[in-house]
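For reference, the structure discussed in these notes is given below.
What follows is calculated from the coordinates using simple rules that are stated; it is not laboratory data. Bear in mind the structure is a predicted one, so any value in this text is a computation, not a measurement. Here the Cβ is made from the backbone with ideal geometry for all residues, glycine too, and neighbour counts use every protein chain on show.
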Amino acid sequence: MTAFRIQCRTPLPAAEAWRRLTDWPRHAAHVPLTTITVTPSGFVARTGIGRLAFDDPMEIVSWAPPTHCRLEKRGAFVTGWAEIDVRASGNGSEVTWTEDLRLRLLPSFLDRPTAWAGRRMFGRAVRGLLG
């Protein structure tokens, strides 16, 4: 299974944490070799260089600002889902990013390394977006 969870506390108020996490184009600054294009139903992350790039289209299927968002990954190579939850906590907020990241064509014995890499990459992105 490739599901993973990232939890992060921030001094930012919940509304500001939410705004930063759902500013989809800003994600590209924290994910190497990636550009983001906003679409009417979500966005597309394009990762790679030249012909070695792939699209990761994401559809927003649940939107409840400023606390919850669910994305479904609709790509030919990357599938799964992600949920972003933000709640006020003390003088700041707490963010939970939960994701099930699947890469087609990868055998299931690579699920654990995929989850480990996803946790590291998305953890870095979350901290960068909130920083």
How big is region 45-87 along each principal axis, measuring the range of its Cα positions in Å and listing the largest first?
40, 16, 10
P(r) histogram, all alpha-carbon pairs of the chain included - 5 Å bins from 0, percent:
2, 11, 19, 25, 22, 13, 6, 2, 1, 0
If you take every residue apart from Thr98 with its C-beta less than 9 Å away from the C-beta of Thr98, what net charge results, scoring Lys and Arg +1 and Asp and Glu -1?
-3
In degrees, nearest 10, range 0 to 90: what is the angle between the Cα axis of helix 111-130 and the longest Cα principal axis of the chain?
40
What spacing in nm lies between the two simple spin-label points modelled at Arg46 and His30, each 7 Å away from Cα in the Cβ direction?
2.3
Please give the Cα centre distance for region 93-117 versus region 1-76, rounded to the nearest Å.
14
